[in-house]
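**Q** One structure, pasted below without further comment.
The values are calculated or read from the model by the stated rules, or taken from the named source; none is laboratory data. It should be emphasised that the depicted structure is a prediction, and the values quoted were computed from it without experimental measurement. Every residue, glycine as well, gets a Cβ built from its backbone with ideal geometry; the counts of neighbours run over all protein chains shown. With ligands, DNA and RNA removed, areas are computed over all heavy atoms of the protein, side chains included. Shrake-Rupley method; radii C 1.70, N 1.55, O 1.52, S 1.80 Å.
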Amino acid sequence: MLDASKENCIHIPTGGTLSKRTRKRCVLELQRTRNILSGSSDDSGILFEDEVRALSADQRQQLLHSAGIKLNIEPTQGLAIKSMIGLPWYRLRTLSRWLKHSGISFGSERKHRALCRELIGDNLEVELAPFSFKLADGGEEIRGAAHAYTPSLTAKITQLLEQNEMYDKPIR
């Protein structure tokens, strides 16, 4: 049961803004109350998560904005987004700028490209080669297009196995 003694009471003035000291004392008291209600400090985090989930989407967005909390997308997730959507680098830059205005950091293009080089390694070749394309009027046109291949399949498989081991991810 919560202790309603005078030491746990925080005087909050009406009609004004709270001082930093009063806000900090309120937060500490809320954390202590959550610990008591949940039975342990580990479970108090779950109560806090539930409190935040109970807010509407607009309230959560306002909470993040007013608290100055920025979301960061890791380079591995950024590359996954780039490849899933099929974005070229210049479109990824546009997306990154747009997300930055919403408080979401997408990471630098330099980090994304470095990770891309690390993942591809030396076992992937890209060339411009002539291909035949069908035209809308039924004819054909020969023009250059990029295609990629691996010169050594065993080297590529070894590289992928090493990367999976390095990142401790199961092979799918």
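**Q** Any idea how many Lys pairs in the chain come in under 25 angstrom at the alpha carbon, given 8 or more places apart or on separate chains?
**A** The result is 15.
**Q** Quick one: accessible area per residue over the range 95-172, 1.4 Å probe, rounded to a whole number of Å²?
**A** 81 Å²
**Q** Related question: Cα atoms only, the range 109-172: Rg and Dmax in Å?
**A** Final numbers for Rg and Dmax: 17.2, 51 Å.
**Q** Then there's this: For the range 21-86, what does the accessible surface come to per residue with a 1.4 Å probe? Please give it in Å².
**A** About 77 Å² of surface per residue is accessible.
**Q** If you roll a 1.4 angstrom probe over the protein chains with everything in place, what fraction of the accessible area of the chain belongs to carbon and sulfur, to the nearest %?
**A** 57 percent
**Q** Let me know the Kirkwood hydrodynamic radius for the chain, please, with Cα pairs as the basis and the value in Å to one decimal.
**A** The Cα-based Kirkwood calculation yields 22.3 Å.
**Q** Here's something else I'd like to know. Hey, how many Å between the Cα centroid of the range 79-116 and the Cα centroid of the range 127-157?
**A** 26 Å
**Q** Then there's this: Residue by residue through the range 49-54, which ³J(HN,Hα) values in whole Hz follow from phi under the Karplus form 6.51 cos²θ - 1.76 cosθ + 1.60 (θ = phi - 60°), with glycine and proline marked x?
**A** 4, 5, 4, 5, 4, 5
**Q** Once the whole set of protein chains is in place, how much accessible area is left on residue 23, using a 1.4 Å probe, in Å² to the nearest 10?
**A** Rounded to the nearest 10, that gives 120 Å².
**Q** Computed over the Cα atoms, what is the radius of gyration of the range 65-125 divided by 2.2 N^0.38 Å, N being its residue count?
**A** Here the Cα radius of gyration is 1.24 times the empirical estimate.
**Q** Now for a different question. Normalised by the number of residues in the chain, what is the relative contact order in percent for Cα pairs under 8 Å and 6+ residues apart?
**A** After rounding, I find 12 percent.
**Q** Calculate the FRET efficiency for residue 100 and residue 59 from the Cβ-Cβ distance with a Förster distance of 22 Å, rounded to the nearest 0.05.
**A** Here the calculated transfer efficiency is 0.45.
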